[in-house]
């Protein structure tokens, strides 16, 4: 595919400690995939929940397709994620532990043109962990600034 699409949730890496990553398929309608190809997606407040043994993504904002007619989709609707049964069972058992949740990290199109959502099992960071991450990032930025010729 000539047009590579990759939407990243930058907020997730700052807010959470990533424990495990999974690649999930996502059930979309026709106008949703057209909006994704135009990079009109926001993952900033998105999270995943289990309903009846199925994994659903909530709060993924996919803007309405500009040329869509009355068939256009709801931008904030819940979207079903497609994983293997053993992965779903493993995730559901780990979610029952305290402090763990599932958040989307990035949405991309694979080589076949299918939309894939990279999700992660995460634990929320404390305030002091976030401050440490900021200090580390700033020190790396300063070091790289002085090392460049």
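The values are calculated or read from the model by the stated rules, or taken from the named source; none is laboratory data. Keep in mind the model is a prediction, meaning the values are calculated, not measured. Glycine gets a Cβ as well: all are built from the backbone with ideal geometry, and neighbour counts include every protein chain shown.
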Review point. Residue 21 versus (1) surrounded by 13 or more Cβ atoms within 10 Å (Cβ to Cβ); (2) modelled with pLDDT of 90 or more: which is the lone unmet condition?
Key: (1)
Exercise for review: For segment 42-53, indicate whether the set of residues that are touching a strand residue (DSSP E or B) at 6+ places or on another chain (Cβ under 9 Å), modelled with pLDDT of 90 or more and part of a helix (DSSP H, G or I) is non-empty.
Suggested key: no
Review point. Here are some conditions: (1) modelled with pLDDT of 90 or more; (2) closer than 18 Å to residue 33 by Cβ. Residue 72 meets all but one. Which one does it not meet?
Key: (1)
Check your understanding: Quick one: is residue 97 assigned to a helix (DSSP H, G or I) and surrounded by fewer than 15 Cβ atoms within 10 Å (Cβ to Cβ)?
Key -> no
Exercise for review: Please determine, by comparing only the residues of segment 24-39 that are in contact with a strand residue (DSSP E or B) (Cβ under 7 Å, 6 or more places away or on another chain), under 20 Å from residue 56 (Cα atoms) and assigned to a loop (DSSP other than H, G, I, E, B), which one is modelled with the lowest pLDDT.
Suggested key: 28
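Look at residue 89 and say whether it is touching a residue at least 12 places away in the same chain (Cβ under 8 Å), over 14 Å from the mean Cα position of the chain (by Cα), surrounded by 12 or more Cβ atoms within 10 Å (Cβ to Cβ) and not in a strand (DSSP E or B). Full working, then the answer.
On the way: touching a residue at least 12 places away in the same chain (Cβ under 8 Å): no; over 14 Å from the mean Cα position of the chain (by Cα): yes; surrounded by 12 or more Cβ atoms within 10 Å (Cβ to Cβ): yes; not in a strand (DSSP E or B): yes.
No; evaluated as a whole, the condition is false for this residue.
In contact (Cβ under 8 Å) with a residue 40 or more places away in the chain, under 17 Å from the mean Cα position of the chain (by Cα) and closer than 16 Å to residue 104 by Cβ - does that describe any residue in segment 33-42? Outline the logic, then answer.
As a first pass, look at segment 33-42 and keep what is in contact (Cβ under 8 Å) with a residue 40 or more places away in the chain: 33, 36-37, 41.
From what is left, the residues that are under 17 Å from the mean Cα position of the chain (by Cα) are 33, 36-37, 41.
Right, trim to closer than 16 Å to residue 104 by Cβ and you get 36, 41.
Within segment 33-42, one or more residues are in contact (Cβ under 8 Å) with a residue 40 or more places away in the chain, under 17 Å from the mean Cα position of the chain (by Cα) and closer than 16 Å to residue 104 by Cβ.
Between 145, 112, 76, 130, which is assigned to a helix (DSSP H, G or I) and free of Cβ contacts under 8 Å to residues at least 60 places away in the same chain? Talk me through it step by step, then tell me what you get.
Values: 112 fails: assigned to a helix (DSSP H, G or I); 76 fails: assigned to a helix (DSSP H, G or I); 130 fails: free of Cβ contacts under 8 Å to residues at least 60 places away in the same chain.
None of the other options fit; the residue is 145.
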